[in-house]
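Encoded as C-alpha cells, the structure appears first; notes follow it.
No lab work stands behind these numbers, since they all come straight from the coordinates. Keep in mind the model is a prediction, meaning the values are calculated, not measured. Here the Cβ positions follow ideal geometry from the backbone for every residue, glycine too, while neighbour counts run over all protein chains shown.
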Amino acid sequence: MVRVPLTISERERGERLGEALRRARGERSIVDVATEAGISPETLRKIERGRIPTPAFFTVVAVADILGMSVDALLTEVMVQVTDAADDDAAPLATLAR
C-alpha cells in the first residue's frame, strides 16, 4: 500500500499539534508522559517534533489526558496558533471540531 504524501498544511498542522503538546508537557519528561499514556517515548518525541503529523486519534487523546488537557482545549490551542499566524489552514483544521 502506497501512502499519499501529506500536504504542506497537514505537515504544519502536525507541527502545531506537537508544539501544543510540548508546551502542555512542561518540565515533565517525555519518558514519564509517554509511559503513562501507553506509548513509546520515541512516538511522543516524533509527535512533538511534527515527524508524525497525523497521529492516531486515541494516541492524542491518551497524551492529552495524561497532561490534564481535554481534546477540545488542545484543538482550541492548535486553532489559536492558526489564527495568530493568520494562516489559511483554519478550514481543514475546523473539520476536526465537527
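Looking only at residues in the stretch 8-48 that are of a type in the set (K, R) and within 16 Å of M69 (Cα to Cα), which one is surrounded by the most Cβ atoms within 10 Å (Cβ to Cβ)?
R16
Could you tell me which of the residues A20, A34, A62 is assigned to a helix (DSSP H, G or I), among the hydrophobic types (A, V, I, L, M, F, W, C) and more than 24 Å from V80 (Cβ to Cβ)?
Among A20, A34, A62, only A34 is assigned to a helix (DSSP H, G or I), among the hydrophobic types (A, V, I, L, M, F, W, C) and more than 24 Å from V80 (Cβ to Cβ).
Residue check, E27 against (1) in a loop (DSSP other than H, G, I, E, B); (2) touching a residue at least 12 places away in the same chain (Cβ under 8 Å), all met but one. Which one?
Just one mismatch for E27, condition (2).
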